[in-house]
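As structure tokens, the structure follows; a few thoughts come after it.
The values are calculated or read from the model by the stated rules, or taken from the named source; none is laboratory data. Keep in mind the model is a prediction, meaning the values are calculated, not measured. Cβ coordinates were reconstructed from backbone atoms using ideal geometry, including for glycine residues, and neighbour counts include every protein chain displayed.
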Amino acid sequence: MDIILLERVEKLGHIGDVVSVKDGYARNYLLPNKKALRANEANKKLFEAQRADIEAKNAARRDEAGKQAGSVDGKTATLIRAASNAGHLYGSVSVRDIVEALNAEGAHVTKAMIVLERPIKSIGIYDVRVALHPEVSVNVKVNVARSPDEAELQAQGVNVIDAMFDNETGGFTEAYDPNAEPGEIPADLIEAPAEGEGDAA
């Protein structure tokens, strides 16, 4: 189906562009969300007659989104979730979870603004894009952890899964001295006698 874009649509084009898209995409998303018009002669004339008004409204929305960007850009949404020892979540993080966490931090975003490239299925810190307007987007961080303490460690740059496995193996490693006699206590484990302890009275 040929359509006329009423706003910039990523990977499609800008206001006024006539592009060809799949019928389902046009009928189910672009047309009902008023992002486009069918490209027939009547609509082309209508669009040209209202082009200045459409562009002015778009510019006003873009400016508004630019002001809002400051209150969203760089925010971190912290989500506490149950996960396995390997860090895999029981379930996944939804767009709604991210929206609620960001709005709790003072950002005013909607589900339609969150651009999640792929589902979040394990703990860690993820960069997520928030499209406040087709021409204005900012990045936020989503910190998914099993506890507030773990979230804090991740925020400091610690990979909690690696750290957990390091600690586990650390409990079983022992310093090995190839020259030690069997049963001999390593010299660094023997306490030095306190001063005066070995002196004769």
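Rundown of residues vs (1) out of contact with any strand residue (DSSP E or B) (no Cβ under 6 Å at 6 or more places or on another chain); (2) surrounded by 16 or more Cβ atoms within 10 Å (Cβ to Cβ); (3) not hydrophobic (A, V, I, L, M, F, W, C), yes/no style:
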{"site": "His14", "(1), (2), (3)": "yes, no, yes"}
{"site": "Val18", "(1), (2), (3)": "no, no, no"}
{"site": "Lys22", "(1), (2), (3)": "yes, no, yes"}
{"site": "Asn40", "(1), (2), (3)": "yes, no, yes"}
{"site": "Glu55", "(1), (2), (3)": "yes, no, yes"}
{"site": "Asn58", "(1), (2), (3)": "yes, yes, yes"}
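With respect to Ala65, determine if the residue is among the hydrophobic types (A, V, I, L, M, F, W, C), within 30 Å of Pro148 (Cα to Cα) and in a helix (DSSP H, G or I).
Taking the combined requirement at face value, the residue does not satisfy it.
Hey, can you tell me all the residues within region 106-123 that are surrounded by fewer than 18 Cβ atoms within 10 Å (Cβ to Cβ) and either hydroxyl-bearing (Ser, Thr, Tyr) or touching a strand residue (DSSP E or B) at 6+ places or on another chain (Cβ under 7 Å) (or both)?
Within region 106-123, Thr110, Val115, Leu116, Pro119, Lys121, Ser122 qualify.
So Val144 passes all but one of these: (1) under 30 Å from Ala36 (Cβ atoms); (2) under 11 Å from the mean Cα position of the chain (by Cα); (3) not in a loop (DSSP other than H, G, I, E, B). Which condition number does it fail?
Every listed condition holds for Val144 apart from (1).
Is there a residue being closer than 30 Å to Gly16 by Cβ and either of a type in the set (Val, Ile, Thr) or part of a helix (DSSP H, G or I) (or both) anywhere in region 73-94? Even if it seems obvious, please write down each step before you answer.
Restricting attention to region 73-94, the residues satisfying the condition of being closer than 30 Å to Gly16 by Cβ are 73.
Then keep just the ones that are either of a type in the set (Val, Ile, Thr) or part of a helix (DSSP H, G or I) (or both); that gives none.
Taking every residue of region 73-94 in turn, none turns out to be closer than 30 Å to Gly16 by Cβ and either of a type in the set (Val, Ile, Thr) or part of a helix (DSSP H, G or I) (or both).
Restricting to region 69-91, name every residue that is surrounded by 13 or more Cβ atoms within 10 Å (Cβ to Cβ), small (Gly, Ala, Ser) and within 13 Å of the chain's Cα centre (by Cα).
Ala77
Which one of Lys57, Lys22 is under 23 Å from Ser137 (Cα atoms) and over 29 Å from the mean Cα position of the chain (by Cα)?
Lys57
Can you tell me which of (1) modelled with pLDDT of 80 or more; (2) surrounded by fewer than 13 Cβ atoms within 10 Å (Cβ to Cβ); (3) of a type in the set (Gly, Ala, Ser); (4) part of a loop (DSSP other than H, G, I, E, B) is the one Ala175 doesn't meet?
So Ala175 meets the others, but not (1).
Among the residues that make up region 27-37, is at least one of them in contact with a Gly (Cβ under 9 Å, 6 or more places away or on another chain) and touching a residue at least 24 places away in the same chain (Cβ under 8 Å)?
Within region 27-37, none of the residues are in contact with a Gly (Cβ under 9 Å, 6 or more places away or on another chain) and touching a residue at least 24 places away in the same chain (Cβ under 8 Å).
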